[in-house]
1. Under 5 Å between amide H atoms, partner at least 5 residues away or on a different chain: which partners does Met177 have, H built in plane at 1.01 Å?
2. Could you check what % of the DSSP bridge pairs in the chain are antiparallel, to the nearest 5?
3. Can you work out the Karplus-derived ³J(HN,Hα) for every residue in segment 24-39? Use 6.51 cos²θ - 1.76 cosθ + 1.60 with θ = phi - 60°, whole Hz, and x for glycine or proline.
4. Sequence-distant or interchain residues sharing an amide H contact under 5 Å with Arg123, placed H: which?
5. Kindly write out, for segment 165-178 in residue order, the coupling ³J(HN,Hα) from the Karplus curve 6.51 cos²θ - 1.76 cosθ + 1.60 (θ = phi - 60°), rounded to whole Hz, with x marking Gly and Pro.
6. Charges on Cβ only, +1 for Lys and Arg, -1 for Asp and Glu, centred on the Cα centroid of the chain; of Gly10, Ala65, Pro257, which one is farthest towards the dipole's positive end?
7. What is the packing order of peptides 218-231, 243-256, taking the mean over residues of other C-beta atoms within 10 Å and listing the highest first?
8. With θ taken as phi - 60° and the coefficients 6.51, -1.76 and 1.60, list the Karplus ³J(HN,Hα) couplings across segment 198-214 in order, rounded to whole Hz; mark glycine and proline as x.
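We did not get these values from a lab; they are worked out from the coordinates using the rules stated. Nothing here was measured: the structure is a model prediction, and the numbers come from that model. Glycine gets a Cβ as well: all are built from the backbone with ideal geometry, and neighbour counts include every protein chain shown.
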Amino acid sequence: MKFLVSNDDGIQSEGILQLAASLMPFGEVVVAAPDMERSATGHAITMSRPLRVRKVKLPGLSVEAYAIDGTPADCVKLGIDELLEGKPDYVFTGINRGANLGTDVLYSGTVSAAVEGCIMGVRSAAFSLLFGETMDYSYAGKVAAEVVRILRDKDLTPDTLVNVNIPNVPEDQIRGMMVTKLGHRKYSKNYEKRQDPRGRTYYWLAGELIEEPLDWDMDIEATKNHYVSITPLDYNLTSFAMLDTFRKWGFENSSRP
Ligand code: MN
């Protein structure tokens, strides 16, 4: 088995080292990741300047690794197209420092890197460890290994990506894995308005999470209840439920407006 590993926290982050280490027993691992933190860059790609690739050594790991001055999606695209010999069997991303739950997946570079894998026809999964006072990625690494064991003889097509969120609690408090749907995360007071030393106003994204009741099988709720959340995500954003309604509303007819 061949894995392409990427992330959005940057190639020097602890989470990507753990993910690469946890996948090594299953086959070949190649790391292609941003040379600096690129969290919350979503699915951006670089078009207006060239991309530079630097071969690097990862501490304590004997894997091929590339640091790229681009976004997470750039890394996966370039990795599959140019850096790897042959298509990988999987694109695994993370382990992200912090959750990627609910609507936040749309901002996430980690999830977007996995989406890019899917777009390129490779089965992909994204891994995120919830924030905590300490960030110990070792259990999350075990979860990644378990995901490989489950997926390897299954018929998952690259149309679906596996979004995995791991609660930040001691391993013995984990209650198991749960298949979940995305919840919704809404924030209030998104920006703090301040003044710079020259008297000009600036805004800094802050935001407080609005706690609202959610279904028990939503990803946010599951991780709160100490379950590892496994969400199948489809990057085709079509609302299939609304297709017929749109036709009935008159968006579809044979005469030009
Ligand atoms: Mn991140």
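1. Val228
2. 40 percent
3. Karplus values, whole Hz, x for Gly and Pro: 4, x, 8, x, 8, 10, 10, 9, 9, 9, x, 6, 8, 5, 10, 5.
4. For Arg123, the qualifying residues are Val91.
5. 10, 10, x, 9, 9, x, 3, 6, 9, 6, 9, x, 10, 9
6. Pro257
7. 218-231, 243-256
8. Each residue's phi maps through the Karplus curve to give 9, x, 8, 7, 9, 10, 10, 4, 10, x, 10, 5, 7, 7, 9, x, 10 Hz.
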